[in-house]
Amino acid sequence: MTQAVVLFGSPGSGKGTLANLLKDYLKAPHISTGDMLREHIREGNALGVRVAATMQTGALVRDEVVDRLVERRLAEPDAQAGFILDGYPRTREQAERLCNWLDSRGIRELVIHLIVDYNIIVTRLAGRRQCPRCGTLYNMVSNPPRVEGVCDLDGQALAIRDDDRESVIRARLAAYESQSRPLIEFFREKGRRLFEIDASDRTPEALLSQVCREIGSPEAGLRAEPAVSG
Ligand code: AMP
C-alpha cells in the first residue's frame with residue numbers, strides 16, 4: 001500500500017522539519033516543491049530563471065509549473081511505496097489535480113494540518129537559517145545549530161533565504177491566507193482524511209510521535225514501521 005502523507009500549513013509551521021523526521025520513520029522520500037524550485041534556481045536552468053523572480057516576491061509559482069514538477073517526481077521509483085509532500089498542494093487547482101491523481105491510483109492520503117499561531121510564525125521565519133548546500137533548516141531561537149552560523153551536517157556557513165526577509169515573509173503569509181488556507185475547507189468537503197494538530201509549541205520530536213500515532217492508527221489506512229536504529 002502506498003503511504004501518502006501531505007503536510008499542510010503556513011510557511012514556518014514546521015512542515016520541512018517534520019518531513020525530515022518523518023521520512024526516516026516511513027522510509028519514504030520528502031518531496032518539497034519549494035526545495036525542488038530552489039534547486040532549479042541554483043542550477044540556473046530555464047525553469048529556475050523563470051520562477052526566481054516570482055519566488056523572490058513571495059508569490060506562488062504558476063500551477064502548471066509545480067503540477068508538472070510534482071507529477072514527474074511522484075513517477076520516480078523511490079516514490080512508489082510512499083511519499084511525504086511538503087508545500088504542495090497550495091491552490092485549489094493543485095489540490096483538485098492531486099486528489100484526482102491519488103484517487104485514480106486508489107491511494108488514500110493523510111493530510112496533516114500543522115496549526116501555528118501567526119505571531120509565532122513571524123518570529124520563526126525571521127529567525128530561520130538554511131544550509132545552502134544540503135538544505136537543512138535551523139532556527140536561531142528554537143533549533144540552533146551546534147556551532148553558531150554553521151551547518152551541523154556539512155560545516156557550511158548558514159544563510160538567510162531570500163524569501164525569509166521581512167517584506168517577503170508578509171507576502172508569503174498573505175499568499176497562504178488567500179490561496180492555501182481555504183484548502184482546509186476543500187479537504188473537509190471532499191471527505192479527505194485530515195489530521196489537525198496544534199504545532200505552536202510542540203517540539204519537532206513531540207509532533208513526530210503524535211503524527212506517527214495517527215499514521216499508525218488503523219483508520220489511516222497506513223502502516224508505519226519505526227526506523228531501525230543502530
Ligand atoms: P516553501 O519553501 O514551501 O516555503 O516555498 C517557497 C516558494 O516556492 C513559495 O513562496 C512559492 O513561491 C514557491 N512554491 C513552493 N511550492 C509551491 C506550490 N505548491 N505552488 C506554487 N508555488 C510554490
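If both residues of a DSSP beta bridge must be in the chain, then about 25% of such bridges are antiparallel.
For LYS15, the lysines whose Cα comes closer than 20 Å to its Cα, not counting residues fewer than 8 places off in the same chain, are LYS23, LYS27.
Summing charges over neighbours of VAL141, with a neighbour being any other residue whose Cβ is under 14 Å away from its Cβ, gives 0 when K and R count +1 and D and E count -1. Between LEU85, LEU102, LEU125, the Gaussian network model of the chain with springs among Cα atoms under 10 angstrom shows the greatest mean-square fluctuation at LEU102. If you take all other residues with their beta carbon under 13 Å from the beta carbon of GLY127, and give Lys and Arg +1 and Asp and Glu -1, the sum is +2. Amide H to amide H distances under 5 Å link GLN156 with CYS151, where only residues 5 or more positions off or on other chains count and H is placed in the peptide plane.
Could you grab the relative contact order for the chain? Cα pairs under 8 Å, six or more apart, rounded to a whole percent.
Averaging sequence separation for qualifying contacts and normalising by length gives 31 percent for the chain.
Placing a pseudo-label 7 Å from each Cα along the Cα-to-Cβ vector at SER142 and ASP103 gives an inter-label distance of 3.5 nm. Residues in the range 59-184 average 51 Å² of solvent-accessible surface per residue, probe 1.4 Å, ligands and nucleic acids excluded. Compared with the alpha-carbon gap, the fully stretched path from GLU64 to ALA81 is longer by 3.6 nm at 0.36 nm per residue. At 1.4 Å probe size, with the rest of the protein present, what percent of the exposed accessible area of the chain is carbon and sulfur atoms? Carbon and sulfur atoms account for 52 percent of the accessible area of the chain.
The values are calculated or read from the model by the stated rules, or taken from the named source; none is laboratory data. Note that the structure is predicted; figures quoted are calculated from it, not measured. So basically every Cβ, Gly included, is an ideal-geometry build from the backbone, and we count neighbours across all protein chains shown. Side chains are part of the model used for accessible areas, which takes the heavy atoms of the whole protein and leaves out ligands, DNA and RNA. Shrake-Rupley method; radii C 1.70, N 1.55, O 1.52, S 1.80 Å.
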